[in-house]
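Working notes for the structure below.
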Amino acid sequence: AELRQILVELSLEQYFPDYLRAGFRNWESLSYITEVQLAAINFRLGHRRKLQREIARRQLQWPDHRPLPVALDLQ
């Protein structure tokens, strides 16, 4: 329920069945999705960035006005 609700809030609910098929059952598991996995689900680039920004915001309290973090920022 939480995963679906977050996707609805982001206007990305159309991907919910794809996430389930790919094995992502909750927000925590989805928050570790990779770029390769997003591409395999045929996630559009703009939608990928939207999801990645939400993950960064929720996990890292990343401000919306800053560019998305890269791997070095997370260490």
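Values quoted throughout were computed directly from the atomic coordinates according to the rules given, and no laboratory measurement underlies them. Only a predicted model underlies this, so the values are computations on that prediction, with no experimental measurement involved. No Cβ is skipped: glycine too gets one built from the backbone with ideal geometry, and neighbour counts run over all protein chains shown.
Rounded to the nearest 0.05, the FRET efficiency derived from the C-beta distance between residue 20 and residue 45 at R0 = 22 Å is 0.50. Excluding residue 14 itself, calculate the net charge of residues whose Cβ lies under 15 Å from the Cβ of residue 14, where each Lys or Arg counts +1 and each Asp or Glu counts -1. Result for the neighbourhood of residue 14: +2.
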